[in-house]
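The values are calculated or read from the model by the stated rules, or taken from the named source; none is laboratory data. The structure presented is a predicted model; accordingly, all values stated were derived computationally and were not measured. When we count neighbours, we look across all protein chains shown, and the Cβ atoms used for this are built from the backbone with ideal geometry, even at glycine.
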Amino acid sequence: MRAGVCRAQVLRWLGPFALGLTLASAAPAQEPGPAPDPLGTPAVLTLDQDRLFAESAFGRASLDRERLATRALEEENARIEAELIAEEQDLTTRRALLPAEEFAALAAAFDEKVERIRDEQDAKARNLSRGRDDDRQAFLRAVVPVLGDLLSEKKAVAILDKSMVILSLIAIDITDEAITRVDSVLSEGTLVPDQP
């Protein structure tokens, strides 16, 4: 009787967690499953998605295209900026020589031009970002079957992103193997196979 009172007090103090443990310990004994083999294939695999993309032939080609396009856009922006600065300085110099209304019209036209150019350049930057995102999405669609094959071959139940795992054995990381497999499927490094 005394033991029952103590157990009830402990359960009340520890709450639902203790109740779950108590119920589990009270459940009838089940036949144990096979013990995990520490040298065998793990049931869960990890993958560094960023490395898979960046170190694959397709990813390298995509990143190279993005770097070239970004550099070209930066150079274009620098050239446009220099031209606009020179035009603004010329307009400022002519201010004293022009009637106020004529200068106001030229200044308004210049402001509109600057706004239009800014919108155009912003659209180009957005297109660059969209292209990067499209490449990544196309890449992921193309590699899912490759990763599915790896999952099946290794008799694993899941592939987790490595960044979400706090602690793991290096043996469950399949990133290098996945890069090799993906490169064999996307051998050109620039083409993604059509998906069914």
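All told, Ala72 falls short of being more than 30 Å from Val182 (Cβ to Cβ), loosely packed, with under 13 Cβ neighbours inside 10 Å and of a type outside the set (D, E, K, R). For Ala96, the conditions (1) at pLDDT 90 or above; (2) of a type outside the set (D, E, K, R); (3) more than 30 Å from Ser184 (Cα to Cα) all hold with the exception of (1). Restricted to the range 138-149, and to residues there that are aliphatic (A, V, I, L, M) and touching a helix residue (DSSP H, G or I) at 6+ places or on another chain (Cβ under 6 Å), the residue that is surrounded by the most Cβ atoms within 10 Å (Cβ to Cβ) is Val143. Scanning for something under 30 Å from Arg51 (Cβ atoms) and under 28 Å from the mean Cα position of the chain (by Cα), does the range 101-120 turn up at least one residue? Taking every residue of the range 101-120 in turn, none turns out to be under 30 Å from Arg51 (Cβ atoms) and under 28 Å from the mean Cα position of the chain (by Cα).
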